[in-house]
Amino acid sequence: MIILSGNELTIDEKGLERLVERVFFKAIDLLGGLKQLAEYRTLTWLPSLARAAFAVVLREEYLKSEDDIAEYVGLTRNTVRNILRADPDAAMYKIQHIDELSAEEKRELKVHTAGGVAKLAYKLVKEGQDSQTMLDFCHQMAGEALKAANCESPWAYQVLKYTKGIDYPIVEAKVLVQRLQNITIKGHSGQEVAEGLAYPIKTPAALLHEIKEYLEAKM
């Protein structure tokens, strides 16, 4: 939730942290994942990525100035400016050619590319393309919670089980049909249900919601 105060947007701390976390995890995905960072011995990039994610979200969501962002994140104004002006395409090009860089260039890379990667990650998250690592974790946690609670909707656990690892957002029915065609959901074939949903579907929670709405409409 964004809170209005006069002519400025004040910070909703919980909302800020949630969005920054999503951007941060997406940035890690763009860099090839933690395993890739470990192989390149670039795990020291993570603090820079986190600060860049904060800077981008504070500017784009809360319209904060460079000075405000610098104070909030603990960076110099010049560093914040470099983050916000970074070119995502140039950053990703350097990442894709990282094995061609010298040790010194790699050390400098985290400073000059964190902003570009964070800006691209923010754009993708806002388009519904969250980190697959984070989605898989949420997917697993939701399934375990349903199972532990002996949920009255066993179809929900079944759907999560058969859609594990699917890429979000799901933009068309055939992707989901392939996963659900061999199961029955409250008397309806998985294929029928998948074909009756509204797309795109951005998250596992949204998928369960859409199926619930579909089933209730059929009652």
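The values are calculated or read from the model by the stated rules, or taken from the named source; none is laboratory data. Computed from a predicted model, the values in this text were never measured in an experiment. All Cβ positions, even for glycine, are placed from backbone atoms using ideal geometry, and neighbour counts span all protein chains on display.
Structure summary
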read-out: Some residue of region 172-192 being acidic (Asp, Glu), outside the structural domain of residue 19 (by TED's automatic domain parsing), modelled with pLDDT of 80 or more and within 29 Å of residue 20 (Cβ to Cβ); value: no
read-out: Region 180-207: number of residues that are among the aliphatic types (A, V, I, L, M) and more than 13 Å from residue 166 (Cβ to Cβ); value: 6
read-out: Test: residue in region 160-170 that is aliphatic (A, V, I, L, M), at pLDDT 85 or above and not assigned by TED's automatic domain parsing to the domain that holds residue 58; value: yes
read-out: Pairs with Cβ under 8 Å, 6+ apart, first in region 100-129 and at pLDDT below 85, second aromatic (Phe, Trp, Tyr); value: 106/40; 109/45; 110/45; 128/168; 129/168
read-out: Count of residues meeting criterion [in contact (Cβ under 8 Å) with a residue 24 or more places away in the chain and among the polar types (S, T, N, Q)] in region 155-205; value: 3
